[in-house]
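Single-structure report; data block below.
The values are calculated or read from the model by the stated rules, or taken from the named source; none is laboratory data. The shown structure was predicted, so the numbers you read here are calculated from the model rather than taken from an experiment. Positions of Cβ are backbone-derived with ideal geometry, glycine not excepted, and every protein chain shown enters the neighbour counts. Heads up: the accessible areas ignore ligands, DNA and RNA and are worked out on the full protein's heavy atoms, side chains in. Shrake-Rupley method; radii C 1.70, N 1.55, O 1.52, S 1.80 Å.
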Amino acid sequence: MGASNFGFDATGESLAQSSCTTAKLKADMSAYWFPTLYFQDPDTGLLEQVKFFYMNVYYFFDATNDDLKAFPLGLQMVSGNAMLRKAPSTSGDAQLDPKRGPIQPAQITCPRSNFNPPSWPSGSDGSMAGIQDSQNQGSGTGFPFQDCDGYASPMRIDVHFPSCYNPEAGLTKFTSNMQFPSDAGNGKLDCPPGWIHVPHLFFETYWDTHAFAGRFEKLNGKASPFVFSNGDTTGFSAHGDFISGWDEGELQHIIDSNCDAGHAGLHSCPGLKLGVNADNAPSCNIKCPVDEVIDGKLDKLPGNNPLAGWARGGGNLPVPQQAPVNTEKLELTSEAVVIPSSTSEAVVALPSTTLVPVVVSSSKPSEPPVESKTTQVAPKPDPTTTTVHRPAKITTVYETVTIYATKTVYSDTKPTDSVQESNTSPTPQDIAGFKYVGCYRDNAKRRIAGEILPKLGLVSNTACVNYCASKGFAVAGTEYGGECYCGNSISTAEKLDDKECAMKCKGDDKQTCGDDWALSVFAKGGQLKNEKRHAHYLHHARVPSRRHFQRR
């Protein structure tokens, strides 16, 4: 996510020179990263990417006695520990105050319709299962052992970033240049003397784990079928990376102006000098430098990262020692590693399968690393055949949420299984007095919002229209091959060519039920009522595939 120059050798300077960014604010050329999530089929052992729904990145400006400063250009941060395969503590709580013990910045949230049985086994100490938060039965450390079936909110990975920067350590010494602030009393958080207090980032990434619910029922209460792309089957290694490409003056202006943008977005703050990307700006593209199979049904993870943790055995991976950094060029592989001050692992040589940050010499390496950080940004829907990774097309929806946050969307080319075949009707047929009125672009706020995703089983146009009609609605829409929406109107939306709604219905492969963020719309008597709905968020470019939807 972020600026177009993100890659193996990304630095603040190179990011600042990017030709485009997914950010709404032109001043934010930063890079944001987190590991991909995979599902391992308990029957076949094959691995499949979990659909990535969206992401929130919150920008919190801490109450503090310190002067709050913008991120310096090129600041590199990693939070969480990619090497963990064992519980970092016997608590499932997040812990961000250095005065209170070891830092625990990452949790997993599992919204559910009810919490009986619990998501994490009662009394777990982390040795064979995750641990529930003592104050919140919906959160904990490690992957939950139940299906996260909460409405409109699947499994979520949460990572807090430290907000105290040590200038003596330097911008690129991400293993030791950051620390969480301490409680200074009166509700304020302060950094150590001589450190710089910067914004507090918080990542939320949402994954459609519920889509696999029918395939891991026998594991419920016993194990988790999910694994991070680094091979971690426990979830303890949840982490995220950040490289600042912000224009410091612009971010400092936002901080100093005390702009309380809330949901309106940082780009709505007054006095911005560098401007805002237009809603209809072209997509920002990143060309993937690694040609590797990362989706489909795989017998091994990209990079051949070995699976480890809990029943599979294996302890924490050895912690790499960060080499002296060439500030002109730093190569970051797909699993850059944080080493918290609380980590007790000894520094030893790494196995060949472990991916670590390396210093790039003046000569070109003989071969690229096994996996690029950019390869994981384009998760796929469940394909029926293995496909080779294609360069991702990045489309943006960037916004701020609550305190401050940003929203980004990554979309890839359309999956092969969504292409219309000869046995699919090119134009959906009228159904029960409802006429097909066209293919329309949907978005996260939902163009048809009377009743969202009723539980119909396998969805078809016929099933969706009949259901909506039975509930008294005048408009029905199907999307993504298996989703149904009911309402009495459609909010102002871009009408697409019918070929953009070409995904076969899961309940009837002779019908087409929309596509990625595209609705096949039916209206009673063919009369479609349009309405203007207040846009809570501002969008940049076209709203893309939910499988890459990152709400930052």
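The table for this structure:
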{"item": "Any chance LYS506 is among the basic types (Lys, Arg), modelled with pLDDT of 90 or more, open to solvent by 30 Å² or more (accessible area, probe 1.4 Å) and over 25 Å from the mean Cα position of the chain (by Cα)", "result": "no"}
{"item": "Complete set of residues in region 438-478 that are part of a helix (DSSP H, G or I) and of a type in the set (Val, Ile, Thr)", "result": "THR462, VAL465"}
{"item": "Boolean, GLU479 is under 30 Å from GLY2 (Cα atoms), modelled with pLDDT of 80 or more and open to solvent by less than 20 Å² (accessible area, probe 1.4 Å)", "result": "yes"}
{"item": "All positions within region 51-105 that are of a type in the set (Gly, Ala, Ser) and outside any strand (DSSP E or B)", "result": "ALA63, ALA70, GLY74, GLY80, ALA82, ALA87, SER89, SER91, GLY92, ALA94, GLY101"}
{"item": "Whichever residue in region 435-464 is farther than 20 Å from GLU500 by Cβ and modelled with pLDDT of 90 or more and, among such residues, is surrounded by the fewest Cβ atoms within 10 Å (Cβ to Cβ)", "result": "THR462"}
{"item": "Yes/no for ALA211 being under 23 Å from PRO42 (Cβ atoms), out of contact with any helix residue (DSSP H, G or I) (no Cβ under 7 Å at 6 or more places or on another chain), open to solvent by 40 Å² or more (accessible area, probe 1.4 Å) and not in a loop (DSSP other than H, G, I, E, B)", "result": "yes"}
{"item": "Criterion: within 30 Å of ASP295 (Cα to Cα), open to solvent by less than 10 Å² (accessible area, probe 1.4 Å) and in contact (Cβ under 8 Å) with a residue 12 or more places away in the chain - qualifying residue of LEU15, LEU25, LEU46", "result": "LEU15"}
{"item": "Condition check for LYS69: open to solvent by 40 Å² or more (accessible area, probe 1.4 Å), in contact with a helix residue (DSSP H, G or I) (Cβ under 8 Å, 6 or more places away or on another chain) and among the basic types (Lys, Arg)", "result": "yes"}
{"item": "Among (1) touching a helix residue (DSSP H, G or I) at 6+ places or on another chain (Cβ under 9 Å); (2) of a type outside the set (S, T, N, Q); (3) farther than 16 Å from VAL50 by Cβ; (4) surrounded by 19 or more Cβ atoms within 10 Å (Cβ to Cβ) - the single one PRO302 does not satisfy", "result": "(3)"}
